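Working notes for the structure below.
The values are calculated or read from the model by the stated rules, or taken from the named source; none is laboratory data. Model, not experiment: these values are computed from the prediction. No Cβ is skipped: glycine too gets one built from the backbone with ideal geometry, and neighbour counts run over all protein chains shown.
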Amino acid sequence: MEDTSLNSDLFKQPHRRYNPLTGEWILVSPHRTQRPWQGQVEKTGQEQAPAYDPNCYLCPGNPRAGANQTPKYESVYIFDNDYPALLPDTLEASFKEDGLLIARSERGLAKVICFSPRHDLTLARMETKDIRTVVDAWAEQYTTLGSLDFINHVQIFENRGAMMGASNPHPHGQIWAEEIIPNEPSKEQAAQAKYMQEHGTRLLQDYVKLELEDKSRIVVENTEWLVVVPFWAVWPFETLVMCKRPAGTIAELDSAQRDGLADILKRLTTRYDNLFEVSFPYSMGFHQSPTDGKYYPHHQLHAHFYPPLLRSATIRKFMVGYELLGNAQRDITAESSAERLRSLSEEHYTLR
Ligand SMILES: [Zn+2]
Ligand SMILES: [Zn+2]
C-alpha cells in the first residue's frame, strides 16, 4: 500500500493535493515554512464596539436606506436587502447568445439576517442558545425561499470583518436565493453525484470517517458535527464543517443536530478569535441541496469557512500571481493549521 501518512516524504516537499469536491488541485510548499512559527500577536488597537450604535442601520429602532426602519427586534431579524444583488421581477425570462457573447436573465431575492440586536456581539461571543435561534431562522428561510417556484438554490453566508468586505460590524449574514445553482455548489454537486455513482456512499460522509480515523486535521467536534482543516484547504486556516449523520439541508436537521451546529459554530469561531486575539475575519457559508425539486441523495450538508489571515491580525494571504494565473498555493500545511487551531482555548480572549 502507498504510504499516505504524514511522515511520507511526499508531504515534506512541494506537492499537489486534490480537492475531490471541486476537482481542482492546490500546490503545497511546506519547505517554505521550515523557519519557526512567528506567532506574534499584534495589538491592533481594536476597540470594543458598544452594545448599541445610534449610527448603525442594523441596530434596533434605527433608520435604514430610503424610508425603511429597523424595528425594535429582540432576537433574530430578517429583511429584504435594501441594495439587493438580485431582484424577483426582472424582465421576462430571456437568453441571449451572439457567438461568444452569452447572457441570460436571473431572478432572485437577497435577504439580510441580523443574528442579534446587540451591536457588539459575534457568533463567537453570542450564547449558544441564541445561535440556535439563528440556526432555526436559517432553516426556515431555506424552506420558505426554496418553496418559491423560481428559486432553485438558497445560499446562506456571512462576511465577517472589514477585511472580507463586511460593511457593518453588527452581527449579520446574508441569504441569496436564485434561479440557477451557482458555480461552486454546482461543481460540488457534480463531484458528489459521481462519487455516489462509483462508491454507493456519500463523499462527505466517507470523508468524515477518514478524518475521524486520521485525527491530524481535526479542529473541533461534538457528537453531531466535525470540523477539519480539509486536506485540500487553500486558505491558511480554512475549515470544513461537516454533519456526521446524513442530512442534505439545515431544514432537515433534528433538534440535536441543530443544537450541535450552534455549539460547533461558537466553539470554532471562538478558536478563530483566540488565534491572533482579534475578531477573526472570514467568509462562511452553507452548501445545501438545491431547491429545484430534484432528488439529491448524494449531497451532504456542510459549511465552509474561508478566513484570509495568515500570520497575524494584520498579515493576510493574498491570492495573486501564480494563484490567479495557475492555481491556489499554500505554505503551511493543513495539518499544522489544524494543530494550531486545535491547541487554542475555547474561552474567548475578551472574556478571560
Ligand atoms: Zn448595530
Ligand atoms: Zn461545499
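Values as computed for the structure displayed
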read-out: Flag for Val219 being buried (at least 22 other Cβ atoms within 10 Å of the Cβ), more than 17 Å from Trp25 (Cα to Cα) and away from ligand 1 (no atom under 16 Å from the Cβ); value: yes
read-out: All positions within segment 302-319 that are assigned to a loop (DSSP other than H, G, I, E, B) and under 13 Å from Arg160 (Cβ atoms); value: Pro307, Pro308
read-out: Hits in segment 49-67 (condition: exposed (fewer than 13 other Cβ atoms within 10 Å of the Cβ) and either small (Gly, Ala, Ser) or assigned to a loop (DSSP other than H, G, I, E, B) (or both)); value: Pro50, Ala51, Pro54, Asn55, Gly61, Ala65, Gly66, Ala67
read-out: Only one of Ser289, Ser337 that is away from ligand 1 (no atom under 16 Å from the Cβ), out of contact with any helix residue (DSSP H, G or I) (no Cβ under 7 Å at 6 or more places or on another chain), in a helix (DSSP H, G or I) and of a type in the set (Gly, Ala, Ser); value: Ser337
read-out: Val228, sole failed condition from (1) surrounded by fewer than 18 Cβ atoms within 10 Å (Cβ to Cβ); (2) within 30 Å of Glu323 (Cβ to Cβ); value: (1)
read-out: In segment 137-147, the residues that are surrounded by fewer than 18 Cβ atoms within 10 Å (Cβ to Cβ) and part of a helix (DSSP H, G or I); value: Glu140, Thr143, Thr144
read-out: Lone qualifier among Arg340, Arg311, Arg316, Arg352 - being more than 24 Å from Ala247 (Cβ to Cβ), touching a Pro at 6+ places or on another chain (Cβ under 7 Å) and among the basic types (Lys, Arg); value: Arg316
read-out: Those residues of segment 148-166 which are over 18 Å from the mean Cα position of the chain (by Cα) and either polar (S, T, N, Q) or surrounded by fewer than 18 Cβ atoms within 10 Å (Cβ to Cβ) (or both), in sequence order; value: Leu148, Asp149, Phe150, Asn152
read-out: Subset of segment 119-157 (residues that are hydrophobic (A, V, I, L, M, F, W, C) and within 16 Å of ligand 2 (Cβ to nearest atom)); value: Trp138, Val154, Ile156, Phe157
read-out: Candidate set from segment 168-186 (those that are within 16 Å of ligand 1 (Cβ to nearest atom) and buried (at least 20 other Cβ atoms within 10 Å of the Cβ)); member that is farthest from Thr22 (Cα to Cα); value: His170
read-out: Verdict on Glu178 being over 18 Å from His287 (Cβ atoms) and away from ligand 2 (no atom under 16 Å from the Cβ); value: no
read-out: Subset tally (residues that are in contact (Cβ under 8 Å) with a residue 60 or more places away in the chain and either acidic (Asp, Glu) or within 16 Å of ligand 1 (Cβ to nearest atom) (or both)) for segment 187-204; value: 1
read-out: Some residue of segment 124-135 being at pLDDT 90 or above, outside any helix (DSSP H, G or I) and buried (at least 20 other Cβ atoms within 10 Å of the Cβ); value: yes
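Here's the yes/no breakdown for (1) more than 21 Å from Gln48 (Cβ to Cβ); (2) of a type in the set (Val, Ile, Thr); (3) touching a strand residue (DSSP E or B) at 6+ places or on another chain (Cβ under 9 Å):
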site	(1), (2), (3)
Val112	yes, yes, yes
Leu121	no, no, no
Gly161	no, no, yes
Gly165	yes, no, yes
